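The structure appears below as structure tokens.
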Amino acid sequence: MNKIVLYNTLTRKKEELRPIAPPTVSMYSCGPTVYNYAHIGNLRTYVFMDELRRTLKYNGYTTRSVMNITDVGHLTSDADDGEDKMQSAAKKQHKTPEEIAAEYSTVFFKDLERLNILMPEIVAKATDNISEMIDFVKTLCDKGYGYETDDGIYFDISKFDGYGKLSRCNLEDALAGARVAVNTQKRHPADFALWKKAEPNHIMQWQSPWGMGYPGWHIECSAMGKKFLGERFDIHTGGVDHIPIHHENEIAQSEALEGHPVVNMWMHGEFMLVDGGKMSKSLGNVYTVEELMARGYPPLAFRYFCMNTHYRNKLNFTFTGLDAAKTAYSRLRSAISACKTAPEASAETKKTVADIRSAVIAAVNDDLNYPLALGEMWTLSKLDCREVYELAEELDALFGLELHLPPETATADAADIPQNVVDIAEERFAARKNKDWAKSDALRAELDALGYAVLDGKDGYELKKK
Ligand code: AMP
Ligand code: ZN
């Protein structure tokens, strides 16, 4: 097998991947909290997860990937107070937390599909795994790491020697960094909740050895990781915001329980910024994929935009940047897809194509250097032979960008527009290319009657629902 090198946040080094049980690579990715739509920043993190999974698969590994769906326990403050995000959304929208979770999970899965993000082998809801979480907390208490207060069960971070090793902060830093404890029964301000006791009006609650309650957010990932991947696994991913609290706490819980390290490599995707700053509802700069689509950006143009920046670099989102990505992406697809009918390459050009293939594989196997790999695809697109198309088709297993297919001609995802409408639009596009204006006008009238407007561009068209 080819050598794959990945950056491990824990050691701050690139390391060769050496799976515990090859050819399987076991990995866990922190999933979304489904109290709202996933924004494009969240989705950048899942594009990174997809780059990793596709790279592993392309190299012949079998992935056993778990992604959780947080549908309980993620509080509005990481300091174990505030309301449960699910409960607060449910109240605002006059729905149950289950309805909220179902609604936003469905949209999230649709977004993954639109962005060609392959579904992890195992997708697990927190609420389906409560008994595993309770068992986990019980064992931590038995081993002396957990203690009870009036409002819950807490993890005593002073008992765990390695606390802070991922973010490289020591116990004193953690204590100083924690807000002055609201809960005076906590032994240390940075101790975190494993289990919270529920007030009677709390909507989601389960029977436990400590009365009715609900799990802390961090325990979900530790318990589901153990359930589906066992006491040691290869890779854990998430966004960089998870390093100092969520993943530090996961390490503390899991290693305290098992008595040894559980995750071999920790990998984190850098943040997406908007106009150079943080995304926030109050600034009105939190976008969803659906909003991008409504503004005429195909989801895969956004995927291309993400893949063009290395996952460990910050990515600044601007509409100017996305416009440039959309144009470049469309040009790259045009050039490559046109090669489907090009003649066979000369022996010399075949060698160039083979060298490009090797360079792409070397790039992605070097800590997922997809920007470099895309640069190679641009070099490829300058050649004019059938092998260009064939290689892009083969490498789509890595890129998931459909570079071998003609550029998307409609702004909306084809799946959102009925197939008969897409067919008429395509027929009309062909008629226009043949300068058959009468037929083109007749088909436009047909689209109009079906409720769709068509806007012609230089080398394509946009189809819009009226
Ligand atoms: P959440 O639903 O808040 O748990 O977040 C889901 C995933 O998105 C986590 O892995 C976060 O680290 C990640 N994430 C949140 N905000 C951003 C952002 N602006 N850019 C990239 N990833 C993000
Ligand atoms: Zn997690």
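The values are calculated or read from the model by the stated rules, or taken from the named source; none is laboratory data. These numbers come from a predicted model, not from an experiment. Backbone-built Cβ (ideal geometry, glycine too); neighbour counts: all protein chains shown.
Looking only at the range 214-237, residues that are of a type in the set (D, E, K, R) and within 11 Å of ligand 2 (Cβ to nearest atom) come to 1 in all.
Of everything in the range 14-34 that is polar (S, T, N, Q) and within 16 Å of residue 111 (Cβ to Cβ), the residue that is modelled with the highest pLDDT is 29. Residue 338 fulfils the conditions (1) in a helix (DSSP H, G or I); (2) at pLDDT 95 or above; (3) touching a helix residue (DSSP H, G or I) at 6+ places or on another chain (Cβ under 7 Å); (4) surrounded by fewer than 22 Cβ atoms within 10 Å (Cβ to Cβ) except for a single criterion, (3).
For the range 56-76, taking the residues that are within 13 Å of ligand 1 (Cβ to nearest atom) and of a type in the set (Ser, Thr, Tyr), the one that is nearest to the chain's Cα centre (by Cα) is identified as 70. The set of residues in the range 227-266 that are within 14 Å of residue 20 (Cβ to Cβ), within 16 Å of ligand 1 (Cβ to nearest atom) and either β-branched (Val, Ile, Thr) or without any contact (Cβ under 8 Å) to a residue 40 or more places away in the chain (or both) comprises 235, 263.
Scanning the range 238-271 for residues that are among the β-branched types (Val, Ile, Thr) and more than 11 Å from ligand 2 (Cβ to nearest atom), we see that the one that is nearest to the chain's Cα centre (by Cα) is 240. Looking only at residues in the range 81-109 that are part of a loop (DSSP other than H, G, I, E, B) and more than 16 Å from ligand 1 (Cβ to nearest atom), the one that is nearest to residue 198 (Cα to Cα) is 81.
When residue 369 is tested against (1) more than 23 Å from residue 332 (Cβ to Cβ); (2) at pLDDT 90 or above; (3) not charged (D, E, K, R), exactly one condition is not met: (1). Do we have residue 323 as within 24 Å of the chain's Cα centre (by Cα), among the charged types (D, E, K, R) and over 27 Å from residue 6 (Cβ atoms) here? In short, yes.
Here the condition is being touching a strand residue (DSSP E or B) at 6+ places or on another chain (Cβ under 8 Å) and either within 16 Å of ligand 1 (Cβ to nearest atom) or more than 24 Å from residue 110 (Cα to Cα) (or both); of 7, 37, it holds for 7 alone.
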